[in-house]
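Below: the structure, in structure tokens.
The values are calculated or read from the model by the stated rules, or taken from the named source; none is laboratory data. No experiment lies behind these values; they were computed from the predicted model shown. Every residue, glycine as well, gets a Cβ built from its backbone with ideal geometry; the counts of neighbours run over all protein chains shown. In case anyone asks, the SASA skips ligands and DNA or RNA and just uses the protein heavy atoms, side chains included. Shrake-Rupley method; radii C 1.70, N 1.55, O 1.52, S 1.80 Å.
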Amino acid sequence: MFLGKIKKFVLLVTVFLFAFSSVVSAADMPTNEELLKEIRDLKKIVKAQGEKIDQMEERYCEYHMGPKEKAPGAEDGEIVENDELAKDIRRRLERLGTAACLDIGAGATFIGQGTPNANNSIATDGAESRFDGSYKYDFDISRKFGDFGRAYIHFEGGSGNTITDELDVFSPVNNNWFDTNSTPRAREVWYEQYLFNKQVTITAGKIDGSSYIDGNEYASDDATQFLGHMFNHSDAITWPVEHSIGGRVYIDPDTVLPYLDATVVYMDANDQWENIVKNPFIAAQVNFTPADAFGYDKEKWDGNYRMYFWYNNLAVPKIKTPGELDRGNFGFGLSADQKLTDIYGVFARAGWQDPSLSNIAFAWSIGGQMIGEYWKRPEDVIGVGFGQAIPGDDYSDMNEFHKIESHLEAYYAFKINKHLTISPDMQVIWDANGGGTNLGEKKDRPIFVYGLRGRVDL
């Protein structure tokens, strides 16, 4: 933003003048105490200048995008400003057609994952020991339109999928990868409108259904929390093929029922942009927040208890008769997260779907997280989760290997600074792929997956 460049310019000029004055007066040989005093005074000046520019930027955005407040002595709708510099900056920005008041974010996630016993590597290059990488970047732009609407565009791209191709499992161990050969793709493009004092939100465009259904405070962000799929979303949901055209209605009646909110999502399950009503994905969710219902302190007892139902009309093969297609897979589930103190939090998920159309009929997971307050690292997080993917009866009747696949995952998110987080990650899988592996006599051996993730936020 233009005003951000002004901040940097003011800081550079101030530092230059300080350095120049120091060189000129070198003969005076100031003491260390005098130098420290000058540095402290300089920091105060720079801070004051930065705060002033922040105030001007805030006034500018409020003038154009936010509610306008009547200034003392002004006529209705008139904005009174005595700061000539702010007026001049506004005039220049308007002439330049600036992107002021846009909210722009970007980041990248780099992952390395390895295993000493890849269970399908014999079918590829014969090496059981593997270590592969992936990276994914994201870039989003949004703009608020006063207090009535918002537009959003989200781009993603990346390369690699770590050891996803080397493991035969019901539930993948890396939910973060998006291999586009580094080519950016617009994954979300939508506009949302706020109604009735933001108690109703209507969203339409190209959307991501998983952003609205089956969320969780402690287990939903594969860039900073768990990497495994079952700890980000239920394995008992058949999502649309891709993010696609659709809409969402969100209802939050906080003046009547502040402890309940509801979401309804409609999407084209096939992502073909043709006959967009032929293959609908429909989901509905209700969320209960007990802290609001019982007046608890949300800093220590905040929580969400989501119950949802979904229906996917995309044609899929029947489990027992693969040559026959059928429509109408459906399921339901719950996702809960609960703070226990300002340090600890726990979560749970459970879901079921039609076993005649799905390999996995039931899936569940539990776990928790802890922030590093006890060892003076309040921005660090430890997370541990355990879950299972359970095949349905139809799948078990048709397959020799139908054991319950179990996952254990643990990570430590180490906050290096406000832009960089490093997370070692460990996963153990029992009875991978229902116990059917290519490890020969080692097929009953658990699969161990180790990894390291780096997240950069710009």
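Do the conditions hold for D165, that is, is it modelled with pLDDT under 95, closer than 19 Å to G114 by Cα and part of a helix (DSSP H, G or I)? Before the answer, list the steps.
On the way: modelled with pLDDT under 95: yes; closer than 19 Å to G114 by Cα: yes; part of a helix (DSSP H, G or I): yes.
The answer is yes for D165.
In the range 272-316, how many residues are aliphatic (A, V, I, L, M), part of a strand (DSSP E or B) and within 16 Å of R248 (Cβ to Cβ)? Step through it out loud before you land on a result.
Filtering the range 272-316 down to residues aliphatic (A, V, I, L, M) leaves 276-277, 282-284, 286, 291, 293, 307, 314-316.
Subset that is part of a strand (DSSP E or B): 282-284, 286, 307, 316.
Imposing the further condition that a residue be within 16 Å of R248 (Cβ to Cβ) reduces the set to 282-284, 286.
Going through the range 272-316 one residue at a time, the tally reaches 4.
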Original post:
From the set of residues in the range 373-383 that are open to solvent by 70 Å² or more (accessible area, probe 1.4 Å) and not charged (D, E, K, R), which is nearest to E217 (Cα to Cα)?
Top reply: P378
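Consider the range 233-247. How many of its residues are under 16 Å from P172 (Cβ atoms), crowded, with 23+ Cβ neighbours inside 10 Å and of a type outside the set (D, E)? Break it down into steps so the answer makes sense when it comes.
Our first condition is that a residue be under 16 Å from P172 (Cβ atoms); within the range 233-247, this holds for 233-239.
Subsequent filtering for residues that are crowded, with 23+ Cβ neighbours inside 10 Å retains 233-237.
Now restrict to residues that are of a type outside the set (D, E): 233-234, 236-237.
Within the range 233-247, residues that are under 16 Å from P172 (Cβ atoms), crowded, with 23+ Cβ neighbours inside 10 Å and of a type outside the set (D, E) number 4.
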Original post:
Does the range 436-455 contain at least one residue that is at pLDDT 95 or above, in contact with a Pro (Cβ under 6 Å, 6 or more places away or on another chain) and open to solvent by 50 Å² or more (accessible area, probe 1.4 Å)?
Top reply: yes
Subject >> Every residue from the range 195-232 that is assigned to a strand (DSSP E or B), open to solvent by less than 10 Å² (accessible area, probe 1.4 Å) and not hydroxyl-bearing (S, T, Y) >> reply: I207
Original post:
Out of all the residues in the range 241-263, is one or more in a loop (DSSP other than H, G, I, E, B), under 25 Å from A361 (Cβ atoms) and in contact with an Asp or Glu (Cβ under 8 Å, 6 or more places away or on another chain)?
Top reply: yes
**OP:** Can you give me the number of residues within the range 261-319 that are within 27 Å of E242 (Cα to Cα) and over 23 Å from the mean Cα position of the chain (by Cα)?
**Re:** 19
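Residue-by-condition table, conditions (1) at pLDDT below 95; (2) open to solvent by 40 Å² or more (accessible area, probe 1.4 Å):
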{"site": "K339", "(1), (2)": "no, yes"}
{"site": "I371", "(1), (2)": "no, no"}
{"site": "G387", "(1), (2)": "no, no"}
{"site": "G392", "(1), (2)": "yes, no"}
{"site": "D397", "(1), (2)": "yes, yes"}
{"site": "Y412", "(1), (2)": "no, yes"}
{"site": "L420", "(1), (2)": "no, yes"}
{"site": "D425", "(1), (2)": "no, no"}
**OP:** Filter the range 319-337 down to the residues that are within 19 Å of A283 (Cα to Cα) and of a type in the set (A, V, I, L, M), then identify the one that is least open to solvent (accessible area, probe 1.4 Å).
**Re:** A336
Subject >> Contacts under 6 angstrom Cβ, first residue in the range 319-336 being within 21 Å of S210 (Cβ to Cβ) and at pLDDT 85 or above, partner among the hydroxyl-bearing types (S, T, Y) and part of a loop (DSSP other than H, G, I, E, B), 6 or more apart >> reply: N329/T238; G333/S234
